[in-house]
Structure formats: C-alpha cells, structure tokens
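As structure tokens, the structure follows; a few thoughts come after it.
The values are calculated or read from the model by the stated rules, or taken from the named source; none is laboratory data. What you see is a predicted model; the values in this text were computed from it and never measured. Glycine gets a Cβ as well: all are built from the backbone with ideal geometry, and neighbour counts include every protein chain shown. The protein model used for the area step is the full one, side chains on, heavy atoms only, and it has no ligands, DNA or RNA in it. Shrake-Rupley method; radii C 1.70, N 1.55, O 1.52, S 1.80 Å.
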Amino acid sequence: NGKAQGVRERFAAFIRFHIQYHVERRDDVDIANMELRSLSPDNLAIIVKLRSTYEGSLRDILDEGIEAGVFDIADIALTTRAIIAMTTGVNVWFRADDRLTASEVAENYVELGLRLVAAKKIETIAKGGRDVPVGPKIRSF
C-alpha cells in the first residue's frame, strides 16, 4: 500500500537526517546541548519550542504509521523520546574511521527504529561495514 510505504520512508528519512545532522555537526550539537543552562529564560523557551516542534514532526510520522496500521506503538510519547535519544546518541560514539560509515550507521538505525515501532521490514540502503578492528569483546555473564 502506498500510504504505508510512504510513512515508513518518512520515518527512515527522519532517522537518516537526524544521525547525519548530528555526526556532521558534532561540536555544534555538543556545545548547544551543554550550554542550554546558560540561556536566558526567554531564549531557552525559544529553543524548547523549536525542539518540541522537531519532536512533534516525529510524533506526526508515528501517528500516521499507527493510523495506517504500519506501526504498533503502545506509548507514542515514550517511543518518540526513545528514538530521539537513540539517534542523538550516535554523536557520542561515532568515529569516521570506525568500521561503519555514517550512512551505514544510519541504515542500521533505520532497521532498529522500524523494529522499535513494530513495523514490517522495508529494504534499506546497504548497511555495510569496513574491515576495521573494534577491539576485544567485553561480555561476561
């Protein structure tokens, strides 16, 4: 169905954009997040409103996905925040010389996001991975 595919593609585009934006503007994003406390109340209110509008665009996509029967989400507010936090977090650990490019990370996150909203699988761009060692696995049970 065209509407279902459209909402999945908009969801994927949101995730791709968010990750690329944060990776390409790492320093700006870090400074902006750390210095919110330095803003005057009026300026902070402006930023909070802008962020709310941005978050609302993801909520709109999720709402449309639920209405189209594409997504199965119990708590849309929590899911929205989880996706924003998950995709913003890439900025903390991503390195351009690591085994995945930013685009490959974004494609993997598209799949993670689709699983989070219980969507049926869509084809994504190659997720790839360069042959770069990532160090010893740290796993114990």
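Odds and ends about this structure:
- Surface composition of region 10-120: carbon plus sulfur atoms hold 57% of the accessible area, using a 1.4 angstrom probe and ignoring ligands, DNA and RNA.
- GluC sites (Glu not before Pro) within region 1-79, DSSP loop, no more than 14 other Cβ atoms inside 10 Å: Glu35
- A convex hull fitted to the Cα coordinates of region 55-109 yields 91 cubic angstrom per residue.
- Percentage of interatomic Cα-Cα distances in region 4-98 larger than 24 Å: 30 percent
- Per DSSP, loop trypsin sites (Lys or Arg not before Pro) in region 67-108 with at most 10 further Cβ within 10 Å: Arg95
- Per residue value of the accessible surface for region 1-57 (all protein chains in place, 1.4 Å probe), Å²: 67 Å²
- Formal net charge of residues neighbouring Lys49 (Cβ-Cβ distance under 12 Å; K, R +1; D, E -1): -1
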